Number of protein chains: 2
Amino acid sequence: MTASEPGSPLGLHRVLAPAGVLPQAAWQLDSRPSLWPDEVRVAVERLNLDAASFRQLREATGGAAADMRAEVCKIVAERGKMQNPVTGSGGMLTGVVEEAGPESPLGLAPGDRIATLVSLSLTPLVITDGLADWNGRSEQVPCQGHAILFGRSIATVLPADLPGPLALAVLDVAGAPALTSRVVGRAADSGPAGPGGPGAPDGPVVAIIGAGGKSGSLSAAAARRAGAGRVIGVVPSEAEAATLHAAGLADEVVIADARDPVALAAAVHGAGGPAAVTVVCVDVPGCEGGAVLATADGGTVIFFSMATSFTAAALGAEGVAADVTMLIGNGYVPGHARLALDLVRCEPGVRGLFEARVNEGTRDGKVEA
Amino acid sequence: MTASEPGSPLGLHRVLAPAGVLPQAAWQLDSRPSLWPDEVRVAVERLNLDAASFRQLREATGGAAADMRAEVCKIVAERGKMQNPVTGSGGMLTGVVEEAGPESPLGLAPGDRIATLVSLSLTPLVITDGLADWNGRSEQVPCQGHAILFGRSIATVLPADLPGPLALAVLDVAGAPALTSRVVGRAADSGPAGPGGPGAPDGPVVAIIGAGGKSGSLSAAAARRAGAGRVIGVVPSEAEAATLHAAGLADEVVIADARDPVALAAAVHGAGGPAAVTVVCVDVPGCEGGAVLATADGGTVIFFSMATSFTAAALGAEGVAADVTMLIGNGYVPGHARLALDLVRCEPGVRGLFEARVNEGTRDGKVEA
């Protein structure tokens, strides 16, 4: 490898196996620190594992810190990236730019503190500290090592007005509110009010499954801004319902197990549904059928959960003769980082939920003294 | 079980395990022949395994007829339905109505020869002949036994003017041309021509990945009818390219391995792309990245393949910062059966491809004398 060889903006030159696939689909990446001319190397400070991956790791290892650390280190050592082999998902990271290749189009300079907006599942990564500072209880993982950005990767300089762990948590799920905003905005623009129960005000009814979580709370706030007539927040427990009520992000808060299709649909219908737009933000498998049944004919389901099964969604909708549009939640929508950060800045309810979530893992995921 | 107990139109009363899920998501269904009041029992004549399931079964068993028969019979005996445990997918069936419950809303009467339009993955099924007449080489499986339709299942009486195996093959993939038609029609209506290379005529550029197959050829014909300016058909081999050329369903025919993202994107771009709408109709895993790269910013990818990975699509698009809308191909769109049958009736190119495909398994899947 020399700095004069041309690289691929997609990072194809970093794919070790299997040959010819994109970095996201690869089993193993070349994570060496020396750069191709259009790459950037980042000194990693913190990883943010995606929710589905974190849950899988905790359940598979039992959750002990040492086992969690060992498992993540093993995956990264083997694959050259943090892509959970079971869920296929990754997360993102924050760090400081160490070196930017002369042909990098990203506009980054050494010393910039940034967050990556592409998944860890395609980002070459080396961990050098064994994750010694991670307590295993938070999705946020203090980490030393380096990561590589490609020419077509996206990254954003961290905002100066928000704490780093908070910004990281927000940026990790920035695609969800952006796509929700787009879909709800189109539904609101398309003329008559979306389907809603008696008394539903103008504007489409939007159901957010998992509205108390990170992507869920942001999506609820984004839906309201985009013109939703009624936002129905679905949560799994009384405790989450109380928190969501207090945050004021939903017009109706209902409790249901998203894996129970009949209960989920009944809860949404009872709260003013069916929904014109249903947004699935929970990180457990088996929510496809309920989401479809909660949605009106002609409506749209957006699946953001990495635990979504393509087949279950496709055949589930067909199986109940539901004419719903089902979207795979693309994590990239232009302007998504700014939109998500603005929501956290301007919506105290969203900010409160995020701060509580970020602090859940004691001391932001660091081991206790 | 008595005929007076109320059933669920979704078939929840037939779910044996796990409790509370929809029949599609269930591991095991109750496939007993006695009916709830809103059910219909069908004497099965023929199963049509979906392409991803058939391929998986053939690869797992080696393809010998006895092994294929044993494997399908084992799945159905264990699960009470034909849902491939690896792919999660099913297929559909044809047969003759034996009995319709007094409260069935489907409008079927004993003696009607029908095709089910809901997946086998949620249809209670019993096989009584050991599939003795199946040669294991065709997706179409001559079969004796019974199947159950729920109140909300959909079925259609087979057309009198088309051979049964042909109609079955068409109806199996009827969702694909219907959804393609809707998406291409909207793209065509939305004002200026979709993105296309120099010289692209008005109307969106549509790429059909796997245009020589069943869902692919129907989708190509549907795209053209819906206003596509240019239809690019992608096939894996010279032989399929020649067949597709002869059928006249695509303006451009290109050869590429859909699992090679760079090659696939280059082929589509070279033929007048990127596409405003890309339709994925191939039954092999690993086509997500190439489909995204073949699509213009602001465009749409429709995934019909049951081999699609939700995570690979979501993270793949994010990983290359592609602002594309990604749809899970819903097998149900109102009017889909009529639209698909009309295409086969009116488009000799589509009909020729289907007839060749149906006859591929010698004597329509029957064992040779």
Here's a check for you: in the range A:313-336, which residue that is small (Gly, Ala, Ser) and farther than 30 Å from B:Ser8 by Cα is most open to solvent (accessible area, probe 1.4 Å)? A:Gly335
Which numbered condition trips up B:Leu339, out of (1) open to solvent by 30 Å² or more (accessible area, probe 1.4 Å); (2) assigned to a strand (DSSP E or B)? (2)
Taking the range A:148-168 and keeping residues in contact with a strand residue (DSSP E or B) (Cβ under 6 Å, 6 or more places away or on another chain), away from chain B (no Cβ under 14 Å) and either aliphatic (A, V, I, L, M) or closer than 18 Å to A:Glu71 by Cβ (or both) leaves A:Val157, A:Leu158, A:Leu168
Can you pull out every residue in the range B:276-303 that is over 19 Å from A:Val118 (Cβ atoms) and either facing another protein chain (nearest Cβ under 8 Å) or not hydrophobic (A, V, I, L, M, F, W, C) (or both)? B:Thr278, B:Asp283, B:Pro285, B:Gly286, B:Gly298, B:Gly299, B:Thr300, B:Phe303
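Please tell me if B:Val292 is in a helix (DSSP H, G or I), surrounded by 24 or more Cβ atoms within 10 Å (Cβ to Cβ) and either polar (S, T, N, Q) or touching a Gly at 6+ places or on another chain (Cβ under 6 Å) (or both). Spell out the reasoning first.
Details: in a helix (DSSP H, G or I): yes; surrounded by 24 or more Cβ atoms within 10 Å (Cβ to Cβ): yes; either polar (S, T, N, Q) or touching a Gly at 6+ places or on another chain (Cβ under 6 Å) (or both): yes.
The answer is yes for B:Val292.
Each row is one residue, and each column tells you yes or no for (1) among the hydroxyl-bearing types (Ser, Thr, Tyr); (2) touching a Leu at 6+ places or on another chain (Cβ under 8 Å).
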residue: B:Ala266; (1), (2): no, no
residue: B:His269; (1), (2): no, no
residue: B:Ala294; (1), (2): no, yes
residue: B:Gly298; (1), (2): no, no
residue: B:Gly319; (1), (2): no, yes
residue: B:Tyr332; (1), (2): yes, yes
Residues that are closer than 26 Å to B:Ala25 by Cβ, at pLDDT 95 or above and open to solvent by less than 20 Å² (accessible area, probe 1.4 Å): which strands (runs of 3 or more DSSP E) entirely in the range A:180-277 hold 1 or more of them? A:205-209, A:230-235
So A:Arg79 ticks every box in (1) over 25 Å from the mean Cα position of the chain (by Cα); (2) surrounded by 20 or more Cβ atoms within 10 Å (Cβ to Cβ); (3) at pLDDT 95 or above but one. Which box is left unticked? (1)
Of residues in the range B:50-61 being at pLDDT below 95 and of a type in the set (A, V, I, L, M), the one most open to solvent (accessible area, probe 1.4 Å): B:Ala51
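Per-residue answers, yes or no, for (1) without any contact (Cβ under 8 Å) to a residue 12 or more places away in the chain; (2) among the hydrophobic types (A, V, I, L, M, F, W, C):
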site	(1), (2)
A:Gly273	no, no
A:Glu288	no, no
A:Ile302	no, yes
A:Met326	no, yes
A:Asn330	no, no
A:Val333	no, yes
A:Arg338	yes, no
Would you mind finding the one in B:Leu218, B:Leu166, B:Leu264 that is aliphatic (A, V, I, L, M) and over 24 Å from B:Thr325 (Cα atoms)? B:Leu166
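The values are calculated or read from the model by the stated rules, or taken from the named source; none is laboratory data. Values in this document were obtained by computation on a predicted structure and should not be read as measured data. Neighbour counts run over all protein chains shown; Cβ positions are idealised from the backbone, glycine included. Only protein heavy atoms, including side chains, enter the accessible area calculation; ligands, DNA and RNA are left aside. Shrake-Rupley method; radii C 1.70, N 1.55, O 1.52, S 1.80 Å.
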